[in-house]
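These notes concern the structure reproduced below.
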Amino acid sequence: MILTTGATGTIGREVVRLLGPVRTLVRSPSGGPDEVIGDFDRPDTLDAALRGVDTLLLIGPAAASQITVLDRAVAHGVRHVVRVTNHKAVADSPVARRRVHARIDAHLKASGMEYTLLAPNFFMQNLLALAPEIAATGGFSSSAGDGRIGMIDARDVAATAATIAKAPAEHAGRTYLLTGPELVTFADMAREWAAVTGRPVEYRRISAAEHQAVMESKGVPEAGSNAQVFELLAAGDGAWLSDDFAAVTRGSPRGLGTFLADHLFS
Ligand SMILES: NC(=O)c1ccc[n+]([C@@H]2O[C@H](COP(=O)([O-])OP(=O)(O)OC[C@H]3O[C@@H](n4cnc5c(N)ncnc54)[C@H](OP(=O)(O)O)[C@@H]3O)[C@@H](O)[C@H]2O)c1
């Protein structure tokens, strides 16, 4: 049996759509056919979800509570964990949430369970947060500079996870680096957005400090870490591509044009 966590999130919703009826761990009822109410932060709620599970798709926030989930999974005899981490999850990352991801990855590798790590680049879905500003002002501000980014559509992270969950053994011990098909800058994104909507989109370049202040004024969670990530992206942190999506799924990852057309008109 497969258990999917994070099932109400960007990746998890698509995983559930692709896998069909599957057990999910959710914090509040969402109408799924086999959902167990639970919370990573309340270990006593995890047992009912993990009972009888062979394969755990561990998706959720970069929080140390995922370590508790892994420990409960070992106790329940889970054989294989497929986990979404970050492409730059290293112990000495300047970004706090990437350091947490590195700790969880290390814990999983030492757990004795089989594992597969999915390490995606920047999600195209992050761009949708700019939609209100673009609609209101005809443009957007960002400190992403002219950094080129191998952005991935989170639906393709989900497709990779679902493929592996159906036949995990052949992916044991592997870390898959996930990107879309092309390197794009935020200036490219502005052009593509304008092409899809038929209205000009101005890209206003701001500093990381200004960007952090803007995000804080909008109440964006983790504004400081996000500003760090944008500064890194401007310096080329996301400027890499991988063929791992095609190797696992035998398909082609979606490009930015497809992503924007699907989301700006749906
Ligand atoms: N965004 C990017 O560019 C990017 C790039 C690389 C890696 N990642 C990684 O991708 C993962 C996130 O994927 P996503 O975009 O699908 O996330 P998301 O849309 O933010 O969804 C998070 C999911 O986790 C659930 N969740 C939150 N706290 C929980 C808790 N205490 N116990 C149980 N479930 C909890 C949420 O449930 P509720 O509906 O109840 O809140 C939701 O289903 C993160 O680990 C992130 O670091 C993201």
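The values are calculated or read from the model by the stated rules, or taken from the named source; none is laboratory data. On a predicted model such as this, the values are computed, not experimentally measured, just so you know. Methodologically, a virtual Cβ is constructed for each residue, glycine included, from the backbone with ideal geometry; neighbour enumeration extends over all protein chains shown.
Annotations for the structure displayed:
- Unique residue being aliphatic (A, V, I, L, M), in contact with a His (Cβ under 8 Å, 6 or more places away or on another chain), modelled with pLDDT of 95 or more and assigned to a helix (DSSP H, G or I) when the list is V248, V229: V248
- Set side by side, the residues A239, A247, A227 differ, and just one is over 23 Å from L118 (Cα atoms) and of a type outside the set (K, R), which is A227.
- Of all residues in region 36-50 being closer than 24 Å to L118 by Cα and without any contact (Cβ under 8 Å) to a residue 40 or more places away in the chain, the one that is farthest from the ligand (Cβ to nearest atom): L46
- Selection within region 73-96 - within 18 Å of the chain's Cα centre (by Cα) and under 20 Å from A7 (Cα atoms): V81, V82, R83, V84, T85, N86
- Region 73-96, residues that are of a type in the set (D, E, K, R) and either surrounded by 19 or more Cβ atoms within 10 Å (Cβ to Cβ) or free of Cβ contacts under 8 Å to residues at least 12 places away in the same chain (or both): R83, D92
- Only a single item in (1) without any contact (Cβ under 8 Å) to a residue 60 or more places away in the chain; (2) of a type outside the set (D, E); (3) surrounded by fewer than 22 Cβ atoms within 10 Å (Cβ to Cβ); (4) more than 21 Å from K109 (Cβ to Cβ) is not met by T24, and it is number (3).
- Which listed residue, of L118, L130, is modelled with pLDDT of 95 or more, buried (at least 18 other Cβ atoms within 10 Å of the Cβ) and more than 18 Å from T85 (Cβ to Cβ): L130
- Residue that is surrounded by the most Cβ atoms within 10 Å (Cβ to Cβ) [pool: residues in region 52-72 that are within 9 Å of the ligand (Cβ to nearest atom) and in a loop (DSSP other than H, G, I, E, B)]: I59
- Of the strands (runs of 3 or more DSSP E) lying entirely inside region 110-218, the ones with 2 or more residues being of a type in the set (G, A, S) are found at 139-142.
- Whichever residue in region 233-266 is under 24 Å from V201 (Cβ atoms) and without any contact (Cβ under 8 Å) to a residue 12 or more places away in the chain and, among such residues, is surrounded by the fewest Cβ atoms within 10 Å (Cβ to Cβ): S266
For (1) more than 17 Å from A246 (Cβ to Cβ); (2) not β-branched (V, I, T), each residue gets a yes or a no:
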{"residue": "N126", "(1), (2)": "yes, yes"}
{"residue": "L130", "(1), (2)": "yes, yes"}
{"residue": "I134", "(1), (2)": "yes, no"}
{"residue": "G138", "(1), (2)": "yes, yes"}
{"residue": "S143", "(1), (2)": "yes, yes"}
{"residue": "D146", "(1), (2)": "yes, yes"}
{"residue": "M151", "(1), (2)": "no, yes"}
{"residue": "V157", "(1), (2)": "no, no"}
{"residue": "A165", "(1), (2)": "yes, yes"}
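Here is a yes/no grid of residues against (1) over 20 Å from H87 (Cβ atoms); (2) free of Cβ contacts under 8 Å to residues at least 60 places away in the same chain; (3) within 16 Å of the ligand (Cβ to nearest atom):
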{"position": "F123", "(1), (2), (3)": "no, no, yes"}
{"position": "A135", "(1), (2), (3)": "yes, yes, no"}
{"position": "F140", "(1), (2), (3)": "yes, no, no"}
{"position": "I149", "(1), (2), (3)": "no, no, yes"}
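- Filter pass, G257 being of a type in the set (G, A, S) and assigned to a loop (DSSP other than H, G, I, E, B): no
- Taken over region 7-51, the criterion of being in a helix (DSSP H, G or I) and more than 19 Å from the chain's Cα centre (by Cα) is satisfied by P43, D44, T45, L46, D47, A48, A49, L50.
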